[in-house]
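Trainee: Once you've had a glance at the structure underneath, I'll fire off some questions.
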Amino acid sequence: MPQATTGRDATHAVVFSPLDATGRAELVEQRLTDAIVAGVLRDGERLPSESELAKSLGVAVVTAREALEGMRDKGLVQTRRGRDGGSFVTYDRDAARTLMDARLRDLSRIEIRDLALHAAAIAGTAAEVAADRASQDDLETLQAIDERADLATAGGARRAVGRFQLEVAAVSQSPRLVHEELRLQAEAGPVLWLCLREQEYRDESARRRAEVIRAIRDVAPAAARAATVTHIEAAFEWLVDEKLRLDASVQLAGGSTGDDSHPIQETAR
């Protein structure tokens, strides 16, 4: 059956998976920037070469080069020449937070709700199907990912969520669910899991993983889905509250969002 790579490779597989939309430098730059500010790509980490990056993302080399230039201008990447040269991540915590706050402000509450609905539909379905199909080896893999989770930092917690959800999708034995989970994590994960900045939500993520593992062990599909959806609902509610706070902080600069927010509902099966 299709297996998501475990450990550090799983989250990197998300970052360097092909872009679905027409490859533009802005999309490549956003993908890499999100990975840096989410803690998936770490300070000092060497990025693939321009040609390798272009091939993995499915874009032209000139597009990858333009994206890296834009990131250098923002201070997110530094390029060194020579045998040990290349492009390296330069992570600045304050700058990263500012970038993600701006990204969240640009989203309407309706867009945030839609993002969470989509994530809940994919991850919830994967968990539900996995509960019917998991082997003992699958359970041990999920438990190992959970045990290795680093909850001391937002980046560590974000990587743990990504790895776990990818593996659950792989256990479902659905290549389409794996692909969609990869795409969602790459495009929406860094925003959706901004709540992991706070220790309370990092601890909550660990509790929800334990519930999903228990439900899969007990062959309880509905419970596996419910624990997954509840986890995403909490992330959505945090995002709405944080957006309200950010909007209030720039209120003098112009307009209200005017969107209604409602708790996300489980997508009908």
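Trainee: Looking at (1) touching a Ser or Thr at 6+ places or on another chain (Cβ under 7 Å); (2) surrounded by fewer than 21 Cβ atoms within 10 Å (Cβ to Cβ); (3) farther than 26 Å from D150 by Cβ, can you tell me which one V28 breaks?
Mentor: (2)
Trainee: Something else now. Please go through region 1-25 and give me each residue that is modelled with pLDDT of 75 or more and surrounded by fewer than 17 Cβ atoms within 10 Å (Cβ to Cβ), ordered by number.
Mentor: P18, R24
Trainee: Looking at region 137-155, I want the residues that are without any contact (Cβ under 8 Å) to a residue 24 or more places away in the chain and have a partner that is surrounded by 14 or more Cβ atoms within 10 Å (Cβ to Cβ) with Cβ atoms under 6 Å, at least 6 apart or on another chain. Which pairs are those?
Mentor: D150/G156
Trainee: Scan region 197-212 and give yes if some residue there is within 26 Å of D43 (Cβ to Cβ), under 16 Å from the mean Cα position of the chain (by Cα) and at pLDDT below 95, otherwise no.
Mentor: yes
Trainee: Only residues that are assigned to a helix (DSSP H, G or I), aliphatic (A, V, I, L, M), more than 20 Å from the chain's Cα centre (by Cα) and surrounded by 18 or more Cβ atoms within 10 Å (Cβ to Cβ): list them for region 35-66, please.
Mentor: A54, A64
The values are calculated or read from the model by the stated rules, or taken from the named source; none is laboratory data. None of these values were measured; they are calculated from a predicted model. Cβ: placed from backbone, ideal geometry, glycine included. Neighbour counts: every protein chain shown.
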